[in-house]
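The values are calculated or read from the model by the stated rules, or taken from the named source; none is laboratory data. Fair warning: this is a prediction, and the values are worked out from it, not measured in the lab. All Cβ positions, glycine included, derive from the backbone under ideal geometry; neighbour counts span all protein chains shown. Calculation scope for accessible area: heavy atoms of the full protein, side chains included, ligands and nucleic acids excluded. Shrake-Rupley method; radii C 1.70, N 1.55, O 1.52, S 1.80 Å.
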Amino acid sequence: EDKSINGTTAKANTNKTSGVQTAVNNANINASNGVYIFSNEATNADINVAQGSVGLVGVNVSVGIAEVTDNVGVSMNGANITGSAVNVITNSTGDLKVDNTQGAVGAGAVNVAYSKLTHGGNNAITVDGSTLKATGAVQDNQPTLLIETDSEVNMTNKLHGVAVGGVAAGAMVGNTISSGNAAVTIGNIASANTFIGEAVGVYANNTPTVK
């Protein structure tokens, strides 16, 4: 008969910090078909952890951690840009997943499952001392001059407890945090920038999906 105490830990961890920045300084850009300035950061992470205990007494821990920081931006200073359409856009996207399964087999098993999923960073556009001119006509009710930040990250944090033979899987703790920022800054003085277009749109969108 096995009366020993067995303890195991299953752990999966990812930590990522990155940035994409586009700078347009003291530049003259003229394009008849349109000007498109983009910064895009896309991150996908899939963490899977499975832990089970077998024996008379077991102390078992499964830990899944995904921590991601994305910094994406466009800065414009002293720029003169003309096109039939002018688009300045930053995107922060991705699918971040943690899937943690904790099970118990046998009498006296003590099990703990912990999952942490965080996403943060800055998604920003800054325009100073610049002239942006869109010469085209509106189509499908869309702006001809568009300045937009979009943060659309999907976050899924799953914990599964499996009971075998009437033994409970144990404690399960899940922590999901979305702390990213989305911002558009148009100079410090009202006359610092000039925007010309049949329709002008300025948007900052921060719409993470947390499950």
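At-a-glance table
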| quantity | calculated |
| --- | --- |
| Pair list, Cβ < 9 Å and 6+ apart or interchain, from region 196-211 residues that are open to solvent by 60 Å² or more (accessible area, probe 1.4 Å) to residues that are part of a loop (DSSP other than H, G, I, E, B) and of a type in the set (A, V, I, L, M, F, W, C) | E198/A137; E198/V138 |
| I89 surrounded by fewer than 16 Cβ atoms within 10 Å (Cβ to Cβ), assigned to a strand (DSSP E or B) and modelled with pLDDT of 90 or more | no |
| Residue check for N141: more than 29 Å from I65 (Cα to Cα) and either modelled with pLDDT under 85 or open to solvent by less than 50 Å² (accessible area, probe 1.4 Å) (or both) | no |
| Region 166-180, subset part of a loop (DSSP other than H, G, I, E, B) and surrounded by 15 or more Cβ atoms within 10 Å (Cβ to Cβ), residue modelled with the highest pLDDT | G180 |
| Residue in region 112-126 that is modelled with the lowest pLDDT, counting only those that are closer than 28 Å to K211 by Cβ and open to solvent by 20 Å² or more (accessible area, probe 1.4 Å) | V112 |
| Lone qualifier among A183, A199, A109, A134 - being of a type in the set (A, V, I, L, M, F, W, C) and modelled with pLDDT under 80 | A109 |
| Residues being modelled with pLDDT of 85 or more, among the β-branched types (V, I, T) and in contact with a Ser or Thr (Cβ under 7 Å, 6 or more places away or on another chain) - total across region 55-72 | 3 |
| Test: residue in region 157-165 that is modelled with pLDDT of 85 or more, open to solvent by 60 Å² or more (accessible area, probe 1.4 Å), closer than 25 Å to N91 by Cα and assigned to a strand (DSSP E or B) | no |
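Residues are listed down the side, and each one gets a yes or a no for (1) part of a strand (DSSP E or B); (2) at pLDDT below 75; (3) exposed (fewer than 15 other Cβ atoms within 10 Å of the Cβ):
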{"position": "K3", "(1), (2), (3)": "no, yes, yes"}
{"position": "N6", "(1), (2), (3)": "yes, yes, no"}
{"position": "N13", "(1), (2), (3)": "yes, yes, yes"}
{"position": "T17", "(1), (2), (3)": "yes, no, yes"}
{"position": "A23", "(1), (2), (3)": "yes, no, yes"}
{"position": "A42", "(1), (2), (3)": "yes, no, yes"}
{"position": "N48", "(1), (2), (3)": "yes, no, yes"}
{"position": "S53", "(1), (2), (3)": "yes, yes, no"}
